[in-house]
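First up is the structure itself, then whatever we jot down about it.
Derivation of every value follows stated rules applied to the coordinates shown; laboratory data play no part. Keep in mind that this is a model prediction, so the values were computed, not measured. When we count neighbours, we look across all protein chains shown, and the Cβ atoms used for this are built from the backbone with ideal geometry, even at glycine.
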Amino acid sequence: MLPLSNELIAGILDGHGYAFTQDADGDLVGRWDDNLIYFFRLGRSGEILQIRTLASRVFGIDDVLPLYEFCNGWNQDKLWPKAFVHVNDDGTVRVLGEVVADLDHGVTSYQLDQLLACGISSGCQLADSLEGLTW
């Protein structure tokens, strides 16, 4: 078992040939199908992995209630990612997805590969579902 680190995450992403970068805060981020996916390490020792998808589709403030319904339905029907609505200060609205794992006791490369694959693929599925929404 290895402690979670950005180097471990980067190694697995590199191994799949994924393009990603490190932002100003030191977090890893990449783009999949125009969606941004962040790989955060949270907790006192950075032991909690949060894979957060920022779906590319932008909505308006009038879409908040239907988006709440969409996210509630998604969360009821699917295990990953947890979906939620975020209203920006400028009134634009985005949907985000999260896969979170507490890796306090460490992680194997295989386990981390599976978590990253889950976060990326399910985040992209969420974003694809948003593209088909009309009301």
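How about the stretch 1-39: which of its residues are β-branched (V, I, T) and touching a residue at least 60 places away in the same chain (Cβ under 8 Å)?
I9, I12, I37
Tell me which of these G123 doesn't satisfy, since it passes every other one: (1) of a type in the set (G, A, S); (2) surrounded by fewer than 14 Cβ atoms within 10 Å (Cβ to Cβ); (3) in contact (Cβ under 8 Å) with a residue 12 or more places away in the chain.
(2)
Residues of the stretch 8-45 being under 17 Å from A101 (Cα atoms) and of a type in the set (D, E, K, R), which ones?
Matches in the stretch 8-45: D27, R41, R44.
I'm trying to understand the selection: among the residues of the stretch 40-53, which are within 21 Å of S109 (Cβ to Cβ) and either in contact (Cβ under 8 Å) with a residue 60 or more places away in the chain or among the charged types (D, E, K, R) (or both)?
R41, G43, E47, L49, I51
Checking W80 against (1) at negative phi; (2) free of Cβ contacts under 8 Å to residues at least 40 places away in the same chain, which test does it fail?
The one condition W80 does not meet is (2).
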